[in-house]
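A.B. asks: Structure incoming, see below.
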Amino acid sequence: MAAALGDVAEVPAPPPLAWPSDDIHRIPFWAYTRPDVYERELERLFYKGHWAYVGLEAEVPKPGDYLRTVIGERSVILVRDADGQLSVVENRCAHRGMRFCRAKSGNATSFICPYHQWSYNLKGDLQGVPLKRGVRQDGQWLGGMPTDFKTSEHGLTKLRVAARGGVVFATFDDAMESFEDFMGPTMLGYFDRLFNGRKLTLLGHSRQRIPGNWKLMQENIKDPYHPGLLHTWFVTFGLWRADNKSQLRMDAHGRHAAMISTRGEAKARADVTGDVTVGVSSFKASMSLHDDRFLDVVPEAWWGGPSAVMMTVFPSVIFQQQVNSVSTRHIQPRGPNAFDFVWTHFGFEDDTEEMTRRRLRQANLFGPAGFVSADDGEVIEFSQQNFSADAAQSTLAELGGRGVGDTEHQVTETLIRGMYAYWRKVMAL
Ligand SMILES: [Fe+2]
């Protein structure tokens, strides 16, 4: 029968979601590309059951300071109100749903939606509704809101907030466990190592949009296999090599992880080679620096041994300490095929001016054009290109076996398997 004019062409239903096997060492390409999977991730990982990173207290130091950011794809505002308390409210007017705050950051005494000028205090309570009672004409009120309309029932969405060590997390989930329980004792220990109560100072931001699925960035920092192979800087200058003393640690769920590495003193220079540099094309024995201040590494007491700890807090953030450079990296998904990656470089209040300059110089290793992270963005992009082209394939994560567990070496993909064991459970896939 010929299709009648106006018939909607039938769209074939996507194949049912089924993991190809019971294992966690093969990850189907569709996990990185399917819009329905991505929507479920937003609901179950970003909007429920997890604390999400929003920013540093140092980004909103004074009363009235605010920072616009996102949790998943929902726009939120971190704000310090007049009495110094931190709030996180959704950037969505209770009237017509408008994303009213457009500035990236600023200082305010209230939030006013430009559309109809509904105004909110910095805690998100609705304060004023123009023409609420209507207009008065010929002795009577015309129009306006219904008489039973209560401003107290129409505030902005208020999120639960957890701040620790100067770092602020928030959640839409009222039933969420405490931040400390969410982290678990092992991860909390590494978190407190970096954020040990010293006041943080803000050194700067960099931002990039990476055309790949957001999980690939979590995987990148749960993958200690690649740094000594992909990154010329790491392997040549000994910052991260397979033969560095190292540990991999996870929380009880396998969702958060820490990669811990101690730079060998003898391997700190390019002229020292060994088994792990033989045949590694990114190792460049003759490479040296015109300005060696980039690697003017000064060990700090709070490191307590390791020269690098890279933490992934699932699903939204990475905490980086790589020698003297420290930063947070916020993962902001933008559909299944892209994410924004926002780096916040910081220091500590008791840093000398010399240490601040050192942190700033070493920050050149990282960020969109960083000596060791421009290439991470590229490999993620090139992976996503194939995931999109043939969703029936899968990636392989069998290095170090097929199970999940902490290790005293870094030649393993155990952290990636741990993440997918957790992901499959929460996603019911
Ligand atoms: Fe990397």
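A.B. asks: For region 375-429, which whole-number percentage of the solvent-accessible area (1.4 Å probe, protein heavy atoms only) is attributable to carbon and sulfur atoms?
C.D. replies: Taking all protein chains in place, region 375-429 shows 51 percent carbon and sulfur surface.
A.B. asks: Roll a 1.4 Å probe over the protein heavy atoms and report the accessible area of Lys123 in Å², nearest 10.
C.D. replies: Estimated to the nearest 10 Å², Lys123 gives 80 Å².
A.B. asks: Also: How high is the relative contact order of region 314-419, in percent, counting Cα pairs under 8 Å that sit 6 or more residues apart?
C.D. replies: 13
A.B. asks: While we're on this one: Using the Kirkwood radius over C-alpha pairs as Rh, can you work out the diffusion coefficient of region 274-409 via Stokes-Einstein at 10 °C, viscosity 1.306 mPa s, in µm² per second? Each step should come with its number before you reach the end.
C.D. replies: On the way: Rh = 18.0 Å.
Approximately 88 µm²/s, per Stokes-Einstein.
A.B. asks: In whole percent, what relative contact order does the chain give with Cα contacts below 8 Å and a gap of six or more residues?
C.D. replies: Rounded, it is 20 percent for the chain.
A.B. asks: Let me ask something else. In Å, the Kirkwood hydrodynamic radius of region 143-186 over pairs of distinct alpha carbons?
C.D. replies: 13.5
A.B. asks: Relative contact order for region 160-209: what percent, with Cα pairs under 8 Å and sequence separation of 6 or more?
C.D. replies: It rounds to 38 percent for region 160-209.
A.B. asks: Please list, in chain and number order, the residues 5+ apart from Gln127 or on another chain whose amide H is under 5 Å from its amide H, with Hs placed from the backbone.
C.D. replies: Ser119, Tyr120, Asn121
A.B. asks: Using the heavy atoms of the protein chains and a 1.4 angstrom probe, tell me the accessible area per residue for the chain in square angstrom.
C.D. replies: About 45 Å² of surface per residue is accessible.
A.B. asks: Another question, if that's okay. How many times 2.2 N^0.38 Å is the alpha carbon radius of gyration of region 20-137?
C.D. replies: With N residues counted in region 20-137, Rg over 2.2 N^0.38 Å equals 1.42.
A.B. asks: Which of the cysteines found in the chain have nothing to pair with, since no other Cys Cβ lies under 4.7 Å from theirs?
C.D. replies: Cys101 - these cysteines have no disulfide-compatible partner (Cβ-Cβ under 4.7 Å) in the chain.
A.B. asks: Hey, what's the Cα Rg ratio for region 80-230 versus the globular rule of thumb, 2.2 N^0.38 Å? Write out the running numbers ahead of the final one.
C.D. replies: Details: Rg = 21.9 Å, N = 151, 2.2 N^0.38 = 14.8 Å.
Computed over Cα atoms of region 80-230, the ratio equals 1.48.
A.B. asks: How far is it, in nm, from the label point at His116 to the one at Asp138 when both lie 7 Å from their Cα along the line to the Cβ?
C.D. replies: 2.5
A.B. asks: Let me ask something else about it. Would you work out what percent of the accessible area of region 72-172, with all protein chains in place, is carbon or sulfur (probe 1.4 Å)?
C.D. replies: After summing per-atom areas, the C and S share lands at 45 percent.
A.B. asks: Sticking with this one: Dividing the alpha-carbon Rg of region 176-285 by 2.2 N^0.38 Å yields what?
C.D. replies: 1.29
A.B. asks: What Kirkwood hydrodynamic radius, in Å, does the chain give when the mean of 1/r is taken over all pairs of distinct Cα atoms and then inverted?
C.D. replies: After inverting the pairwise mean of 1/r, the radius is 23.7 Å.
A.B. asks: Mind computing the radius of gyration and Dmax over the alpha-carbon atoms of region 121-207? Å is fine for both.
C.D. replies: For region 121-207, the Cα-based Rg and Dmax read 22.3, 71 Å.
A.B. asks: Can you tell me the order of 252-259, 136-143, 397-404 when each peptide is scored by its average per-residue count of other Cβ atoms within 10 angstrom, highest first?
C.D. replies: 252-259, 397-404, 136-143
The values are calculated or read from the model by the stated rules, or taken from the named source; none is laboratory data. All figures in this text were calculated on a predicted structure; none of them were measured in a lab. With ideal geometry, Cβ positions are generated from the backbone for all residues, glycine too; neighbour counts draw on all protein chains shown. To get the accessible areas, we keep the full protein, side chains included, count just its heavy atoms, and leave off ligands, DNA and RNA. Shrake-Rupley method; radii C 1.70, N 1.55, O 1.52, S 1.80 Å.
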